[in-house]
Amino acid sequence: MRIARALLALAAVAVVIAAAALFWLSRPVSVAAEDLPGHQPDPANGEFVFWASGCASCHIAPGSDQRTLLAGGVELETPYGVFRAPNISPDPEHGIGGWSMAQFVSAVKYGTAPDGHHYYPAFPYASYHKMRVEDVMDLKAFLDTLEPSDNDVAGNVLSFPYNIRRGLGLWKLRYLSEDPVVEDLPDDPAVRHGQYLVEAMGHCGECHTARDGAGGMLPSIWLAGAPNPEGEGMVPNITPHPQGLADWSEGDIAYALETGLTPEFDSLGGSMAEVVRNQSRLADDDRRAIAAYLKAIPARTPEDR
Ligand code: HEC
Ligand code: HEC
């Protein structure tokens, strides 16, 4: 009897310790000003980062063609509810004009808000986590030069339990990594540059890679195609598999990213049209590098999982 009670007490202590550990593990990670490298932010490189990482796709006003007015309001429908991309223009009240560099880096690389809450990974920081901190600093210097907007964006509409942000800390612990996704690549500077543009900035995997049950991208079938979050069909396979881009030359891929036209002269639509509007602002060499990387990664299909 006494043993049973002692065991029960022990179990209760274990539960408390486990809960405390989970609470500690799920705490939001922020960067402090003194953790930042001594780097003079360069808005010209920041503009390149802005187009390469596609912030405008979500943060311009819905239907707007002013790609540098980051008024917010685009709605992202997901199985968890509706996310609304906030105003990230330099307006100090409605946007992020009042933010410090450290707050901005914490948001983009760690998904952590200035008040310490976790952002949802609908904001693709799982990819941006792989970005060099200097590039993120340059990006802020560029965003600071843009036009402010006083647009008020309504909050997200999420169902229980997805409206509890704390649990996202465990998600981040599992899925945030600065390591490259594809390890075995030819040691070619174009392929390496393409890897950075695709895996980190371009966040191509967020749409083109299928996810596990907890919403993490599956590295074993990286870029092999995924169910379309917009509803119908699949986001295509862009590995060099016959079901993917095997028949496309590097030139075909670079041309599609520039013009939105496939080798069959179909035009790329849906959410890819937005991606092309950003990628078309890059230099030819950048789009070529993306193509070189896409031709160098393992050929896979979703069945290879
Ligand atoms: C796929 C859509 C998408 C893309 C692309 C995207 N974001 Fe966001 N972003 C969001 C969503 C959705 C949120 C809100 C997340 C939440 O409520 O937890 C957000 C939140 C933010 C916030 C927090 C704003 C605030 O007021 O708290 C910042 C800063 C931000 N994004 C910057 C960027 C930058 C910079 C880029 C490009 C490098 C970018 N985002 C690309 C969807 C996106
Ligand atoms: C927001 C989601 C999204 C992101 C991010 C995204 N794509 Fe796509 N992509 C799509 C969709 C959807 C299609 C299908 C478009 C269509 O068929 O009209 C597509 C089509 C393509 C195609 C044509 C494939 C074919 O067989 O026709 C290529 C190539 C491509 N994407 C490359 C990329 C690259 C490179 C990136 C990163 C820079 C990227 N995509 C990022 C959604 C996305």
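The values are calculated or read from the model by the stated rules, or taken from the named source; none is laboratory data. For clarity, every value in this text was computed on a predicted model and none was experimentally measured. Cβ coordinates were reconstructed from backbone atoms using ideal geometry, including for glycine residues, and neighbour counts include every protein chain displayed.
Scanning the range 192-210 for residues that are crowded, with 20+ Cβ neighbours inside 10 Å and over 15 Å from the mean Cα position of the chain (by Cα) turns up just one, Gly194.
In the range 100-118, what residues are buried (at least 20 other Cβ atoms within 10 Å of the Cβ) and either hydroxyl-bearing (Ser, Thr, Tyr) or within 9 Å of ligand 1 (Cβ to nearest atom) (or both)? If you could, list the steps in order and put the result at the bottom.
First, the residues of the range 100-118 that are buried (at least 20 other Cβ atoms within 10 Å of the Cβ): 104-109, 111-112, 118.
Scanning the range 100-118 gives Phe104, Ser106, Ala107, Val108, Gly111, Thr112, His118.
Every condition in (1) surrounded by 13 or more Cβ atoms within 10 Å (Cβ to Cβ); (2) acidic (Asp, Glu); (3) under 23 Å from Asp284 (Cα atoms) holds for Asp187 except the one numbered (1). Screening the candidates Ser106, Ser30, Ser64 for the property of being touching a helix residue (DSSP H, G or I) at 6+ places or on another chain (Cβ under 6 Å) and either assigned to a helix (DSSP H, G or I) or at pLDDT below 95 (or both) yields one hit, Ser30.
Inspect the range 268-279 for any residue being more than 9 Å from ligand 2 (Cβ to nearest atom), acidic (Asp, Glu) and not assigned by TED's automatic domain parsing to the domain that holds Ser57 and give the result as yes or no. Walk me through how you get there before you give the answer.
In the first step, residues of the range 268-279 are kept if they are more than 9 Å from ligand 2 (Cβ to nearest atom); the result is 277.
Retained after the next criterion (residues that are acidic (Asp, Glu)): none.
No: the range 268-279 contains no residue that is more than 9 Å from ligand 2 (Cβ to nearest atom), acidic (Asp, Glu) and not assigned by TED's automatic domain parsing to the domain that holds Ser57.
Per the conditions (1) farther than 23 Å from Ala283 by Cβ; (2) assigned to a helix (DSSP H, G or I); (3) among the polar types (S, T, N, Q), the sole criterion not satisfied by Asn45 is (1).
Among residues of the range 219-230 being within 16 Å of ligand 1 (Cβ to nearest atom) and assigned to a loop (DSSP other than H, G, I, E, B), the one that is surrounded by the fewest Cβ atoms within 10 Å (Cβ to Cβ) is Glu230.
Can you tell me which residue within the range 67-103, out of those that are aromatic (Phe, Trp, Tyr) and touching a Leu at 6+ places or on another chain (Cβ under 9 Å), is modelled with the lowest pLDDT?
The first filter runs over the range 67-103 and keeps only residues aromatic (Phe, Trp, Tyr), leaving 80, 83, 99.
Okay, now just the ones that are also touching a Leu at 6+ places or on another chain (Cβ under 9 Å), so 80, 83.
Working: Tyr80: 81, Phe83: 94.
If we take residues in the range 67-103 being aromatic (Phe, Trp, Tyr) and touching a Leu at 6+ places or on another chain (Cβ under 9 Å), then Tyr80 is modelled with the lowest pLDDT.
Taking the range 17-31, which residues are over 26 Å from Leu146 (Cβ atoms) and surrounded by 10 or more Cβ atoms within 10 Å (Cβ to Cβ)? Full working, then the answer.
Our first condition is that a residue be over 26 Å from Leu146 (Cβ atoms); within the range 17-31, this holds for 17-29.
Ile17, Ala18, Ala19, Ala20, Ala21, Leu22, Phe23, Leu25, Ser26, Arg27, Pro28, Val29, listed by residue number.
Matching residues to (1) among the β-branched types (Val, Ile, Thr); (2) in contact with a His (Cβ under 9 Å, 6 or more places away or on another chain); (3) modelled with pLDDT of 95 or more:
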| position | (1), (2), (3) |
| --- | --- |
| Val182 | yes, no, yes |
| Gly215 | no, no, no |
| Ala224 | no, yes, yes |
| Asn228 | no, no, no |
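Exactly one residue out of Asp91, Asp135, Asp65 is more than 26 Å from Asn228 (Cβ to Cβ), of a type outside the set (Phe, Trp, Tyr) and more than 16 Å from ligand 2 (Cβ to nearest atom), and it is Asp91.
If I ask for residues that are in a loop (DSSP other than H, G, I, E, B), over 24 Å from the mean Cα position of the chain (by Cα) and under 19 Å from Gly194 (Cα atoms), which ones from the range 244-264 would you list?
Within the range 244-264, the first condition is being in a loop (DSSP other than H, G, I, E, B), and the residues that meet it are 244-249, 260, 262-264.
After this cut, where a residue has to be over 24 Å from the mean Cα position of the chain (by Cα) as well, the list is 246-249, 262-264.
Matches in the range 244-264: Ala246, Trp248, Ser249.
For the range 108-118, the criterion of being within 15 Å of the chain's Cα centre (by Cα) and among the small types (Gly, Ala, Ser) is met by at least one residue.
With respect to Pro37, determine if the residue is in a loop (DSSP other than H, G, I, E, B), surrounded by fewer than 18 Cβ atoms within 10 Å (Cβ to Cβ) and at pLDDT 95 or above. Yes; evaluated as a whole, the condition is true for this residue.
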